[in-house]
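Notes follow once the structure below has been shown.
The values are calculated or read from the model by the stated rules, or taken from the named source; none is laboratory data. These numbers were taken from a predicted model, which means no experiment stands behind them. We place every Cβ from the backbone using ideal geometry, glycine too, and count neighbours over all the protein chains shown. When the accessible area is computed, the model is the full protein with side chains, heavy atoms only, and any ligands, DNA or RNA have been set aside. Shrake-Rupley method; radii C 1.70, N 1.55, O 1.52, S 1.80 Å.
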Amino acid sequence: MPRYDFDLFTIGAGSGGVAGSRRAGSYGARVAICEESRVGGTCVIRGCVPKKLLVYGAQFADAFADAAGFGWTVAPPSFDWPSLIEAKDREIERLSQIYVKMLEDSGVSLLRGRGVLVDPHTIEVDGHAYTADTILVASGSHPTVPALPGIEHVISSNEALDLPALPRRIVIVGGGYIAVEFAGIFNGFGSEVVELIRRDELLYGFDDDLRVALAQEMRGRGVEIHARTHVERIEKHPHGYTVVTTGGQEFSADIVMYATGRKPNTAGIGLAEQGVELDGNGAVVVDEWSQSTVPNIYAVGDVTDRINLTPVAIAEARALAETLYHDNPIRMDHRDVPSAVFSQPPIGAVGLTEAEAEREVGEVDIYRARFKPMKNTLSGRDERTMMKLVVDARTDRVLGCHMLGPDAPEIVQGLAIAVKCGASKRMFDQTVGIHPSAAEEFVTMREKVARPKLAAE
């Protein structure tokens, strides 16, 4: 008789948990997974997927506006927010059911309820105890807000995806990718958007030239961005809210949204009680094999607070399944992970920023282009694309590729392969571009740019 009920028990049926459980099940492991909410996790239910659907919806405003430059006569368009939310909800439910079916087809037992560790090999779900040889924690993270007067009146990205009506005016607090994405969404649908950030520029951690260029384009679209701004309190009124800053500024809004950080979902599930080390933010501390300080307990995805991206969680979980259940030891490589910000215009990036490269290798060569995309020459839109290559001056290796502009995520995905393979600038130069396209600029940039960095125009 088996010593345990399952070989692997996964807490959390998000992208990482589902990927690891399915992969382990395909190799013959006896696997169970528990989920207290809807199957699919943050990405499918209240993150990447619904957000991207709203981004698509908001972009139609540009298409209608640009059409006239190409000879189209478009009647004044109208928009119905509840119809979009209803369509979005149908698609999310469809995807959630696909995840459920994928688990069933892989022989994974799906248990509905909150999983709590009773001991290192026992998990309690909805009053029932289950034992497992190995436990995988993939419980994700949740939005957090600071403690200040009136904070109970704000919404997070979770609620922003399900608003019953489009706000006339919204204040968004935060300068990270979630904040700028929702600023672009609401601005595209016609809301007045005010964004309050604590730092000098948006998107801390991204290349400085990208940060400056995005702020320019967002302001050009009408988003009101206030840097070095700290909120003191939020006041509720009969017909809305007022955000009061420490500097005495006041901003009125129908809705106040906070996007100032997320916290791993580790509280109350028995991890610390069983000896699993957590860091100061509550993330599970793991080694390069995703193993926690308790040998049979592993963790992947946002709950570890390494690189909080859906494809990273999936890769970490699949690597773990290969290692434990397929005699194929794999350590997830967290270097040169590409990322995208679905701002308007969007960003794609892979590799090191200029500042990171200077710290890591010393002298770097910078190649940068800024131009008006061909489509904008007829549409009359004044937005510009920015592309940048960061190159090791000593070895000629391309260390980073950064882009702001239409299709940036699609273009950078392909470039990520080259960066991962260690391609040199010479190899980029020897690659023939596709003409006419914006992407060809990455293989035609020849002149190194001198400091200072891109200045605001």
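With a 1.4 Å probe and every protein chain left in place, tell me how much accessible area I178 has, in Å² to the nearest 10.
Here the accessible area works out near 30 Å².
Rolling a 1.4 angstrom probe over the protein heavy atoms, how many square angstrom per residue are accessible across segment 297-415?
Here the residues of segment 297-415 average 41 Å² of exposed surface.
Quick check: at a probe of 1.4 Å, how many percent of the accessible area of the chain sits on carbon and sulfur atoms?
The nonpolar share, carbon plus sulfur, comes to 52 percent.
For a quick check of understanding: with a 1.4 angstrom probe and all protein chains in place, what accessible area in square angstrom does C421 have, to the nearest ten?
Surface accessible to solvent at C421 totals approximately 110 Å².
Please arrange I307, I172 by accessible surface area, largest first, computed with a 1.4 Å probe and ligands excluded.
On the way: I307 50, I172 0 Å².
Sorted descending by solvent-accessible area, the residues read I307, I172.
Please give, to one decimal in nm, the separation of the simple spin-label points placed at N296 and Y56, each 7 Å out from Cα toward the Cβ.
That separation, rounded to one decimal, is 4.4 nm.
Ratio of Rg to Rh for segment 178-264, alpha carbon only, Kirkwood? If you can, show how the numbers build up before the last one.
On the way: Rg = 13.4 Å, Rh = 13.9 Å.
Over the Cα atoms of segment 178-264, Rg/Rh equals 0.96.
Tell me, Kirkwood radius of the chain from alpha-carbon pair distances, in Å?
Evaluated over the chain, this radius sits at 23.9 Å.
When DSSP assigns beta bridges and you keep just the ones with both residues in the chain, what percent turn out antiparallel, to the nearest 5? Each step should come with its number before you reach the end.
On the way: 47 of 76 bridges.
Just about 60 percent of them are antiparallel.
Express in Å², to the nearest 10, the accessible area of E93 obtained by rolling a 1.4 Å probe over the protein heavy atoms while all chains stay in place.
Estimated to the nearest 10 Å², E93 gives 80 Å².
At a Cα cut-off below 19 Å, give the lysines reachable from K88, other chains included and same-chain residues fewer than 8 away excluded.
K51, K52
Karplus couplings for segment 394-407 from phi (6.51 cos²θ - 1.76 cosθ + 1.60, θ = phi - 60°), rounded to Hz, Gly and Pro as x?
Taking θ as phi minus 60°, the curve returns 7, 9, 6, 6, 7, 9, x, 10, 9, 8, 10, x, x, 6 Hz for segment 394-407.
Quick one: order R169, R112, R384 from most to least accessible surface, probe 1.4 Å.
Working: R169 35, R112 130, R384 85 Å².
Ranked list, largest accessible area first: R112, R384, R169.
Calculate, for E201 and A129, the FRET efficiency according to 1/(1 + (r/R0)^6) with r their C-beta to C-beta distance and R0 35 Å; round to the nearest 0.05.
Numbers: r = 51 Å, r/R0 = 1.45.
It comes out at approximately 0.10.
Quick one: Cα centre-to-centre distance for segment 97-146 and segment 319-369, in angstrom?
29 Å
Ignoring ligands, DNA and RNA, how do D333, D429 rank by accessible area with a 1.4 Å probe, largest first? Mind dumping the intermediate values first?
Values: D333 80, D429 55 Å².
Sorted descending by solvent-accessible area, the residues read D333, D429.
Taking every pair of alpha-carbon atoms in segment 332-432, what share in percent sits in each 10 Å bin, from 0 to the bin with the longest distance?
16, 45, 30, 9, 1
Compute the Cα gyration tensor for segment 309-373, then decide on rounded, prolate or oblate, letting a ≥ b ≥ c be the square roots of its eigenvalues: rounded whenever a/c is under 1.5, prolate when a/b is larger than b/c in the other cases, and oblate in all that remain.
Oblate, because a/c is 1.5 or more while a/b does not exceed b/c.
Which percent, nearest 5, of DSSP beta bridges in segment 220-348 are antiparallel?
If we restrict to bridges inside segment 220-348, about 100 percent are antiparallel.
Mind checking the full-extension length gain between E86 and W289? Use 0.36 nm per residue of separation minus the Cα-Cα distance, one decimal, nm.
So the extension gain works out to 69.0 nm.
Leaving out ligands and nucleic acids, note down the accessible area per residue over segment 183-253 with a 1.4 angstrom probe, in whole Å². Can you show the working numbers first?
Numbers: 3170 Å² over 71 residues.
Per-residue accessible area for segment 183-253 comes out at 45 Å².
Report, largest value first, the span of the C-alpha coordinates of segment 143-287 along each principal axis, in whole Å.
Taking the Cα atoms of segment 143-287, the three principal extents are 50, 41, 31 Å.
Residue separation times 0.36 nm, minus the C-alpha to C-alpha distance between D429 and R370: what's the value?
Answer, rounded to one decimal: 19.4 nm.
Once the Cβ-Cβ distance between K101 and A450 is put in as r, and R0 is 60 Å, what FRET efficiency do you end up with, to the nearest 0.05?
Efficiency, from the Cβ-Cβ distance: 0.60.
Put +1 on the Cβ of each Lys and Arg and -1 on the Cβ of each Asp and Glu in segment 239-288; which of G268, H239, V256 then has its Cα farthest toward the positive end of the dipole?
H239
Could you name the lysines in cross-link range of K388, using Cα to Cα under 18 Å and dropping any fewer than eight places away on the same chain?
K372, K420, K425, K448, K453
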